[in-house]
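Everything on this sheet refers to the single structure shown next.
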Amino acid sequence: MGSSVRKGRAVQQAEPPRRAAKEDFHQVTQNTNNGRAITASRTEDSTKSSTKSKDAELILQIQSYIDKNTVVIFSNTTCSLSTEVKELFKSMKVPYFSLELDQTENGQKLQEALYQLTLETSVPVVFVQQQQIGDYSKTLKAHEEGKLQKLLEMNGPNHLQESYDYDLIVIGGGSGGLAAAKEAVKYDKKVMVLDYVTPTPLGTSWGLGGTCVNVGCIPKKLMHQAALLGQALKDSRKFGWQFTEEVKHSWETMTEAVQNYIGSLNWGYRVALRDNKVTYENAYGEFVGPHTIKATNAKGKEKLYTAEKFIIATGERPRYLNIPGDKEYCISSDDLFSLPYCPGKTLVVGASYVALECAGFLAGIGLDVTVMVRSILLRGFDQEMANKIGEYMEEHGIKFIKQFVPTKVEQIEEGTPGKLKVIAKSTTGSQTIEGEYNTVLLAVGRDACTRKIGLDKVGVKINKISGKIPANDEEQTNVPYIYAIGDVLEDKLELTPVAIQAGRLLTQRLYAGATLKCDYVNVPTTVFTPMEYGACGFSEERALEKFGEDNIEVYHSFFWPLEWTVPGRDNNKCYAKIICNIQDNKRVIGFHVLGPNAGEVTQGFAAAIKCGLTKEQLDSTIGIHPVCAEIFTTLSVTKRSGGNIIQSGC
Ligand code: FAD
Ligand code: NAP
């Protein structure tokens, strides 16, 4: 007998059906015996052991659905008998897990494995309490004879599953939550999304879609574009454009245009939910007991809903400093993008993504901007790149106050904008400074929205300090029916595409029999500072720490975008760097680029890195001329060599 069959049997014997079998029904193990006989004869004929182990894996996959669920229906979305069987359980108000084989990766192979396990030749195939009921007619017969009902009650009424209002309730209609909800309805699930925006201390609020759309990526990138256009206007004179009018920027026009676009996205999301038959409530969700959530709308009206499963996708909100005057007079990124007046002279507090990006576009549209940095720029990023970003910003007129933190904000003058006095203290000594600004933008990090959603009522653990939710590699919390995705997750990246990918894959695993997990490694990212920075993989310092100096080779070069040569600006400011692991065929483990369109450049290289890109493969790739990204196909100077990396032309 093939090893795969033995492996299969061992697991099946080690994990017998959890409940005593009724004599009317075959036990899974009995059927497995049958299945084994067939598996044996088939596998003995087979010459390929990999095929055998694949069969065993599929049988184990099917077995795990049976073990984990009270009622399992192996079904097919186009099969009317499958639909009737599901209707039967619905009419009994018994929740079931259905695996739609025609919608499942490996569906055909799973169906063959199902046959091996059950000897049933067609779907639906039904299991109740880990016992095989059989096909459509056997299930109907068992129901008519009251045997289904008996099986469902066999561990007492407490073990009879309740009927829930929804299969899935998603708390939070942002990037992750909406992606998960829209995916779940594809598998015939009844889904609700609760989304509610608690206004900022200054009263700013917005529509459906979460942070990215309303107060994150989208308005940020559009305002960054406004700044780039300002630069393009200056460059254009060198390219022959002549204009006599004074060039001015209107904050109000930009903000209105950006907000109009956001409004269209909010509307689009609502329509998409309605078209997909996802129930949407603009209400705040809070667990009040197992499988039960309270939804409170803006008028304070409360409703209770139950669901078999929940996904927490409540995201994060900006943190405040807890110093006098911060909530009264300062704004956060949640207020900035819809601010009805131009912020004027601005102090940005913080030195990471949000702070530097906002400081960048505010300066780019012509405002007087100062950044107050507590320690370093862009913690967690390659520090050589971070410092080059800082230098470029300083050269382009942004002021930096380093190693200082605000201690108090006072209002000097009311107005839109008014005038504020900021008192700050040194983080390295006792020095105190003060300054006057029209606006103070706090960008000092974000807190997970997990402390006021009743997680204690259902026993979901959070990290007490960060408020983040720990989860396993399937985004499942310590409470099996509650999952978490996106920014609320502990030790995961806070990026829109990550939240979307995690949400989609989670729902496919929950409802479509998929097994693919979200891969959080080598996620590319871009910081949209005036000089954009794209990165994927290890920073130089992390690579040094992990592999040791002798085992990494760093290739680097400055470059000068052709488009910048005619205006004659910023030569040798753009910079490319890759980090290779010498011990692993010089595989590229870190990719860093400072330059225009860094996100566009990084995206493609990230795919190559995922495929295991080596330095040799990069060198054998022919560049596209004349573009910035071609520099990565010709990198030849190692840092170790100390060679010259200044570029003098193309
Ligand atoms: P969110 O999108 O934040 O959605 C959570 C939703 O849940 C919100 O609508 C919230 O109001 C709601 N909610 C909270 N509590 C409840 C409750 N109890 N009941 C009902 N609803 C609730 N990422 C990128 O990839 N690229 C970028 O360029 C980028 N730029 C950014 C710029 C800024 C200024 C910021 C702040 C973030 C940026 N991000 C960017 C990060 C990105 O926005 C987030 O990673 C992403 O939005 C996270 O998605 P999420 O689904 O986890 O949460
Ligand atoms: P962050 O990465 O947590 O950075 C917080 C910054 O505030 C740090 O510079 C920190 O300094 C500083 N800070 C914290 N407490 C402070 C205090 N009391 N006084 C002064 N400074 C203080 O937060 P973020 O910039 O808000 O970004 C949050 C997440 O959003 C990011 O991790 C990112 O994933 C996502 N995001 C992505 C993009 C993008 O993809 N382009 C853009 C924006 C945001 P220290 O270093 O000293 O701690």
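The values are calculated or read from the model by the stated rules, or taken from the named source; none is laboratory data. From a predicted model like this one, the values you see are computed outputs, not experimental measurements. Note that we place each Cβ from the backbone using ideal geometry, even for glycine, and neighbour counts take in every protein chain shown.
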Report task. Scan segment 305-322 and report the pairs whose first residue is free of Cβ contacts under 8 Å to residues at least 40 places away in the same chain and closer than 11 Å to Val191 by Cα and whose second residue is of a type in the set (A, V, I, L, M, F, W, C) and within 16 Å of ligand 2 (Cβ to nearest atom), with Cβ atoms within less than 6 Å and a gap of 6+ or a chain change. Result -> none
Report summary line: Looking across segment 597-615 at residues that are touching a residue at least 60 places away in the same chain (Cβ under 8 Å) and buried (at least 18 other Cβ atoms within 10 Å of the Cβ), the single one that is farthest from Leu229 (Cα to Cα) is Lys615
Query raised in the report: Does at least one position in segment 521-542 carry a residue that is surrounded by fewer than 19 Cβ atoms within 10 Å (Cβ to Cβ), among the aliphatic types (A, V, I, L, M) and not in a helix (DSSP H, G or I)?
Result: yes
Query raised in the report: Quick one: which of Ala502, Ala535 is within 16 Å of ligand 2 (Cβ to nearest atom), at negative phi and touching a His at 6+ places or on another chain (Cβ under 6 Å)?
Result: Ala535
Report task. Would you mind stating whether Thr204 is more than 17 Å from the chain's Cα centre (by Cα), away from ligand 2 (no atom under 16 Å from the Cβ) and modelled with pLDDT of 95 or more? Result -> yes
Query raised in the report: Among Trp241, Trp251, Trp206, which is the only one that is more than 11 Å from ligand 1 (Cβ to nearest atom), of a type in the set (Phe, Trp, Tyr) and surrounded by 13 or more Cβ atoms within 10 Å (Cβ to Cβ)?
Result: Trp251
Report summary line: Among strands (runs of 3 or more DSSP E) completely within segment 213-330, the ones holding 3 or more residues that are within 16 Å of ligand 2 (Cβ to nearest atom) are 316-318
Query raised in the report: Pairs under 6 Å by beta carbon, first residue within 16 Å of ligand 1 (Cβ to nearest atom) in segment 366-380, partner outside any loop (DSSP other than H, G, I, E, B), six or more apart or different chains?
Result: Val369/Thr346; Val369/Ala359; Val369/Leu362; Val369/Ala363; Val371/Val348; Val371/Ala359; Val371/Phe400; Leu378/Ala386
Report summary line: Reported set for segment 185-203 where residues are assigned to a strand (DSSP E or B) and more than 9 Å from ligand 1 (Cβ to nearest atom) is Val191, Met192
Report task. Starting from segment 173-187, take each residue that is touching a residue at least 40 places away in the same chain (Cβ under 8 Å) and farther than 11 Å from Ile312 by Cα and list its partners that are of a type in the set (Lys, Arg) and outside any helix (DSSP H, G or I), counting only C-beta distances under 8 angstrom and pairs at least six apart or across chains. Result -> Val185/Lys277
Query raised in the report: Does Glu494 meet the test of being within 13 Å of ligand 1 (Cβ to nearest atom), in contact with a Leu (Cβ under 6 Å, 6 or more places away or on another chain) and in contact (Cβ under 8 Å) with a residue 24 or more places away in the chain?
Result: no
Query - Exclusive hit being within 22 Å of Ala313 (Cα to Cα) and either within 16 Å of ligand 1 (Cβ to nearest atom) or part of a loop (DSSP other than H, G, I, E, B) (or both), set Ile462, Ile389 - result: Ile462
